[in-house]
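A.B. asks: Sending over a structure as structure tokens; questions will come in a sec.
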Amino acid sequence: MNYRHAFHAGNHADVLKHLIISRIIALLARKEAPFVCLDSHAGLGLYDLKGDEASRTGEWQEGIARLWNADDLPASTDDYFDVLKAMNPDGELRYYPGSPELARQLTRDQDRVLLNEKHPQDGQLLKENMRGDRRVAVHLGEGWHVPRALLPVAEKRALLLIDPPFEQSDELDRCITALNESISRMRQTIVAIWYPIKDERQLKRFYQGLSKSTAPKLLRAELFVHSPDDATRLTGSGLVIANAPWGLEDELKELLPWLAKSLAQSEGNWRLDWLIAE
Ligand SMILES: C[S@@+](CC[C@H](N)C(=O)[O-])C[C@H]1O[C@@H](n2cnc3c(N)ncnc32)[C@H](O)[C@@H]1O
């Protein structure tokens with residue numbers, strides 16, 4: 001396990017993933033009934049962009065830093081930026097929320113947050129970062145076991161983020177297995193899988209596998225910051241969202257073009273479609 005998310009915190013891929021997660025949580029919170037946010041590969045929870053790791057790559061400069069002072073923010077970014085502003089009260093961007101901190105801050109008293117991280121050091125830091133919030137539980141185990149270990153939940157409403165490091169060649173297949181397990185254990189689970197856009201052949205297989213999954217409906221949202229013809233680097237990233245809540249597609253129709261314009265490096269683009277239509 002070499003991957004450390006601190007090197008990548010706040011980059012374009014994090015911004016896409018965290019904005020979409022913040023919207024799913026906001027749409028779930030429209031109803032009073034409680035829900036649970038699960039995160040199988042949770043990372044540290046929060047990040048210091050001026051710390052050693054993030055400073056070494058500077059990836060956040062082409063991500064969140066570009067949006068921090070933007071004057072054309074769509075309304076659907078409000079929740080995400082409220083969290084960021086609360087973490088950086090003096091107006092200077094330094095601290096960045098990982099998916100755990102975002103879920104912790106955007107959920108309500110009646111909701112729960114169940115986090116899992118396998119890296120022993122990052123897991124300990126995650127525990128420390130989440131300390132003191134009785135609604136949050138941190139597990140230090142195998143992320144691929146999360147659907148079987150934690151679903152179904154008593155609340156009957158759940159968002160599961162699957163966000164592995166993609167260090168190993170079987171991780172796209174494991175995402176599909178985890179999706180199918182989640183749906184079979186609790187059919188209405190909203191499952192959001194993040195993936196890098198790099199290897200077109202591998203992705204083709206991934207999309208085919210997803211299309212044959214047992215998800216009742218599956219939305220695909222992608223953001224490109226480089227031309228897709230440039231296979232030498234991360235050209236962008238995407239999220240597939242099973243059981244995407246009503247209203248998300250319309251919000252993303254506004255959000256994705258804005259992100260493509262704001263975060264483009266050599267060439268910005270976006271895609272939004274259904275891999276499985278209802
Ligand atoms: C992309 S990062 C997660 C970022 C986080 N979800 C966020 O958005 O803030 C992936 C994390 O998965 C952890 N990890 C790697 N293999 C794992 C496994 N088999 N089970 C659980 N966690 C794992 C890594 O240590 C790393 O912290």
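A.B. asks: Using only the Cα atoms of region 176-236, each taken as one equal point scatterer with no solvent, compute I(q) by the Debye sum, divide by I(0), and report log10 of the ratio at q = 0.17, 0.22 Å⁻¹.
C.D. replies: -0.64, -0.90
A.B. asks: Same structure again: Cα-based Rg of region 29-74 per 2.2 N^0.38 Å, rounded to two decimals?
C.D. replies: That ratio works out to 1.68.
A.B. asks: With only alpha-carbon atoms in the gyration tensor, what are the semi-axes of the equivalent ellipsoid for region 156-265, in Å, largest first?
C.D. replies: They are 24, 19, 10 Å, listed from largest to smallest.
A.B. asks: Taking region 16-79, which GluC sites (Glu not before Pro) meet the DSSP loop condition and have no more than 15 other C-beta atoms within 10 Å?
C.D. replies: Numbers: sites: 32, 53, 59, 62; in loops: 32.
The qualifying sites are 32.
A.B. asks: Quick one: Cα convex hull volume of region 5-276, Å³ per residue?
C.D. replies: So the per-residue Cα hull volume is 121 Å³.
A.B. asks: Follow-up question, since we're still on this one. Return the whole-Å distance between the Cα centroid of region 203-218 and the Cα centroid of region 125-145.
C.D. replies: Region 203-218 and region 125-145 have Cα centres spaced 30 Å from each other.
A.B. asks: For residue 211 and residue 128, what is the calculated FRET efficiency with R₀ set at 35 Å and r taken between the beta-carbons, to the nearest 0.05?
C.D. replies: Values: r = 41 Å, r/R0 = 1.17.
After rounding to 0.05, the efficiency reads 0.30.
A.B. asks: Continuing with this model, one more query. Taking amide hydrogens as modeled 1.01 Å from N in the peptide plane, which residues meet the under 5 Å criterion relative to residue 47, leaving out close sequence neighbours?
C.D. replies: Amide H to amide H, under 5 Å and 5 or more residues apart or across chains, residue 47 pairs with 96, 98.
A.B. asks: Run the dipole for region 193-278 about the Cα centre, Lys and Arg Cβ at +1, Asp and Glu Cβ at -1, nothing else charged, and hand back the magnitude in debye, nearest 20.
C.D. replies: Roughly 340 debye for region 193-278.
A.B. asks: What number, rounded to the nearest 500 deg cm²/dmol, is the helix-based mean residue ellipticity at 222 nm of the chain, given -39500 (n - 2.57) per DSSP H run of at least four residues and division by all its residues? Please list the in-between numbers first.
C.D. replies: Details: 10 runs with 105 residues, N = 278.
Computed ellipticity for the chain at 222 nm equals -11500 deg cm²/dmol.
A.B. asks: Given Cα pairs under 8 Å that are at least 6 residues apart, what percent is the relative contact order of region 107-154?
C.D. replies: 44 percent
A.B. asks: Per the Kirkwood definition applied to all pairs of different Cα atoms, how many angstroms is the hydrodynamic radius of region 76-175?
C.D. replies: Averaging 1/r across every pair of different Cα atoms and inverting gives 15.3 Å.
A.B. asks: Give me the log10 of I(q) over I(0) for region 1-60 at q = 0.16, 0.19, 0.26, 0.31 Å⁻¹, as the Debye formula computes it from C-alpha points; what are the numbers?
C.D. replies: Each listed q corresponds, in turn, to -0.62, -0.78, -1.11, -1.31.
A.B. asks: Against the globular-protein guess of 2.2 N^0.38 Å, express the Cα radius of gyration of region 130-201 as a ratio, rounded to two decimals.
C.D. replies: My calculation over the Cα atoms of region 130-201 gives 1.22.
A.B. asks: State, as an integer percentage, the relative contact order of region 5-276 based on alpha-carbon contacts under 8 Å between residues 6 or more apart.
C.D. replies: Reported as a whole number, the value is 21 percent.
A.B. asks: Could you calculate the contour length gain from residue 137 to residue 3, that is, 0.36 nm times the residue separation minus the distance between their Cα atoms, to one decimal place in nm?
C.D. replies: Here the segment from residue 137 to residue 3 would lengthen by 45.9 nm.
A.B. asks: Something else: Computed over the Cα atoms, what is the radius of gyration of region 1-124 divided by 2.2 N^0.38 Å, N being its residue count?
C.D. replies: Working it through for region 1-124, the quotient is 1.05.
A.B. asks: Starting from the Cα of residue 53, step 7 Å toward the Cβ, then list every residue of region 22-47 with an amide N under 12 Å from that point.
C.D. replies: Correct set: 42-47.
A.B. asks: Read phi for every residue in region 28-42 and hand back ³J(HN,Hα) as whole Hz from Karplus 6.51 cos²θ - 1.76 cosθ + 1.60, θ = phi - 60°, with x for Gly and Pro.
C.D. replies: 5, 6, 5, 9, 5, 4, x, 9, 10, 9, 10, 9, 6, 10, 8
A.B. asks: Multiply the residue gap between residue 166 and residue 149 by 0.36 nm, knock off their C-alpha separation, and tell me the result in nm, one decimal place.
C.D. replies: Residue separation times 0.36 nm, minus the Cα-Cα distance, leaves 3.9 nm.
A.B. asks: Sticking with this one: Which links in 127/217; 85/127; 17/212; 50/253; 17/261 stretch past 26 Å when you go from one Cα to the other?
C.D. replies: 127/217; 50/253
A.B. asks: What are the ³J(HN,Hα) couplings of region 164-177, residue after residue, when phi is run through the Karplus curve with 6.51, -1.76, 1.60 and θ = phi - 60°? Round to Hz, x for glycine and proline.
C.D. replies: Karplus values, whole Hz, x for Gly and Pro: x, x, 6, 8, 10, 5, 8, 5, 5, 5, 5, 4, 5, 4.
A.B. asks: Next up: Report, by chain and number, residues whose modeled amide H sits under 5 Å from the one on residue 161, excluding near sequence neighbours (fewer than 5 apart, same chain).
C.D. replies: Amide H neighbours of residue 161: 38, 39, 40, 192.
A.B. asks: For the chain, build the charge dipole from Cβ charges (+1 Lys, Arg; -1 Asp, Glu) around the Cα centre, then report which of 132, 149, 114 sits farthest towards its positive end.
C.D. replies: 149
A.B. asks: Give the separation of the Cα centroids, region 162-176 to region 1-57, in Å.
C.D. replies: Here the two parts' Cα centres lie 17 Å apart.
A.B. asks: Which value in nm describes the separation of the simple spin-label points at residue 88 and residue 261, placed 7 Å from the Cα toward the beta carbon?
C.D. replies: 2.2 nm
A.B. asks: Give the peptides 4-15, 159-170 in descending order of average Cβ contacts within 10 Å, highest first.
C.D. replies: Taking the mean over residues of other Cβ atoms within 10 Å, the ranking is 4-15, 159-170.
Any read-out appearing in this document is the output of simple, stated calculations on the displayed coordinates, not a laboratory observation. The model shown is predicted, which means the values in this text are computed figures rather than measured ones. Positions of Cβ are generated from backbone atoms using ideal geometry, with glycine treated the same way; all protein chains shown enter the neighbour counts.
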